[in-house]
1. On the basis of being at positive phi, in contact (Cβ under 8 Å) with a residue 12 or more places away in the chain and not in a strand (DSSP E or B), does N208 make the cut?
2. If you scan region 203-235, which residues turn out to be over 27 Å from V78 (Cα atoms) and touching a Gly at 6+ places or on another chain (Cβ under 9 Å)?
3. Report those strands (runs of 3 or more DSSP E) wholly inside region 60-154 carrying at least 1 residues which are in contact (Cβ under 8 Å) with a residue 60 or more places away in the chain.
4. Say whether the condition of being of a type in the set (D, E, K, R), buried (at least 18 other Cβ atoms within 10 Å of the Cβ), closer than 29 Å to A124 by Cα and more than 16 Å from the chain's Cα centre (by Cα) is met by at least one residue in region 185-202.
5. Restricting attention to region 57-70, which residues are surrounded by 13 or more Cβ atoms within 10 Å (Cβ to Cβ), farther than 18 Å from Q134 by Cβ and out of contact with any helix residue (DSSP H, G or I) (no Cβ under 7 Å at 6 or more places or on another chain)?
6. Please determine whether any residue of region 50-58 is in a helix (DSSP H, G or I), more than 21 Å from the chain's Cα centre (by Cα) and either under 16 Å from A116 (Cβ atoms) or among the aliphatic types (A, V, I, L, M) (or both).
7. G187 passes all but one of (1) without any contact (Cβ under 8 Å) to a residue 40 or more places away in the chain; (2) of a type outside the set (D, E, K, R); (3) at negative phi; which number fails?
Amino acid sequence: MLTSSADHMDLISEHLYWQDRDDVLEHIAQIRAQINRVAEAHRSYRSEIPGLADKDIRIAMDEWNYWYGGYEYGELGVQYFLQDALGIAAGLHTFFRNSDLYYMANYAQTVNVIGAIKTTKTDAELETTGLVLQLYRSHFGTHPVQVSLDDASLDVSAAMSDDNTMLTVAVINPLEESRELDLSIVGHALNGKGSRWTITGDSRWSHNTPGEPREVDIYQTSFTNASNRITVAPLSVTLFAFGVQ
């Protein structure tokens, strides 16, 4: 009796790594391009290979991260910078936009090597990339919201909370100047209350080192008079949580 290989598969594994680029915009754009490339390839496979679409066999991105530079923390222990935080945030946004195909996406790795946490014998510290994962896991919404954007230099993703009382909007600004956006929200109105979390530092090369003050951190503020006009800092990832009605 002949059986299809699809009968024995639930997911297809992929993994991606990226190197440094001279320009911050290019450093970030390579992540979006390759995650989209893999997604588009699998969309093509669904029309060419019987069984993939029928069983909805999706992608398990089992590893994804930047991997470049010297080994500051032992074998494969690379250091990450603010520019990498911006790129990892852009990677999350791109996975969100292709969530019809990506079933999971596992950042590699957790501790030391190319990890989100670096340690010495006495201290541990979140990498810039680890701060991004912490921020989105703690505060980004769960139900994707469609976004259209006029400013191509920015990367914006949005989602509603489970109870539909909070709209979260994440904005990546890779430029060395602040940017302003006008929000036009369809179907809801802001109730005026909300919070803002910003990840940033002094330069693209700002980084965190165990046992030393952070050069990159998450800065939180709250507001009670939210408007549809928002400002984002240079070289930043900013997540807004707006109360809606």
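1. Values: at positive phi: no; in contact (Cβ under 8 Å) with a residue 12 or more places away in the chain: yes; not in a strand (DSSP E or B): yes.
For N208, the condition - at positive phi, in contact (Cβ under 8 Å) with a residue 12 or more places away in the chain and not in a strand (DSSP E or B) - is not met.
2. If the condition is that a residue be over 27 Å from V78 (Cα atoms) and touching a Gly at 6+ places or on another chain (Cβ under 9 Å), then S222, F223, T224, N225, A226, S227 are the ones that fit.
3. Details: elements: 102-107, 117-119, 124-126, 143-145.
Filter on region 60-154 gives 102-107, 117-119, 124-126.
4. Residues of region 185-202 of a type in the set (D, E, K, R): 193, 196, 202.
Right, trim to buried (at least 18 other Cβ atoms within 10 Å of the Cβ) and you get 196.
When the remaining residues are screened for being closer than 29 Å to A124 by Cα, the result is 196.
Add one more test, that the residue is more than 16 Å from the chain's Cα centre (by Cα), and what stays is 196.
Among the residues of region 185-202, at least one is of a type in the set (D, E, K, R), buried (at least 18 other Cβ atoms within 10 Å of the Cβ), closer than 29 Å to A124 by Cα and more than 16 Å from the chain's Cα centre (by Cα), which makes the answer yes.
5. Looking only at region 57-70, we keep the residues that are surrounded by 13 or more Cβ atoms within 10 Å (Cβ to Cβ), and these are 57-69.
Those left that are additionally farther than 18 Å from Q134 by Cβ: 57-63, 67-69.
Across region 57-70, the qualifying residues are R58, A60, M61, D62, E63, W67, Y68, G69.
6. Here is the first cut: in region 50-58, the ones in a helix (DSSP H, G or I) are 52-55.
Now restrict to residues that are more than 21 Å from the chain's Cα centre (by Cα): 52-55.
If we keep only those that are either under 16 Å from A116 (Cβ atoms) or among the aliphatic types (A, V, I, L, M) (or both) as well, we get 52-53.
Yes, some residue in region 50-58 is in a helix (DSSP H, G or I), more than 21 Å from the chain's Cα centre (by Cα) and either under 16 Å from A116 (Cβ atoms) or among the aliphatic types (A, V, I, L, M) (or both).
7. (3)
The rows are residues; the columns are (1) assigned by TED's automatic domain parsing to the domain that holds N112; (2) of a type in the set (D, E, K, R); (3) within 22 Å of N228 (Cα to Cα).
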| residue | (1), (2), (3) |
| --- | --- |
| N164 | no, no, yes |
| E180 | no, yes, yes |
| K193 | no, yes, yes |
| G201 | no, no, no |
| W205 | no, no, no |
| V216 | no, no, no |
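The values are calculated or read from the model by the stated rules, or taken from the named source; none is laboratory data. Remember, predicted model here, so these are calculated numbers, not experimental data. When we count neighbours, we look across all protein chains shown, and the Cβ atoms used for this are built from the backbone with ideal geometry, even at glycine.
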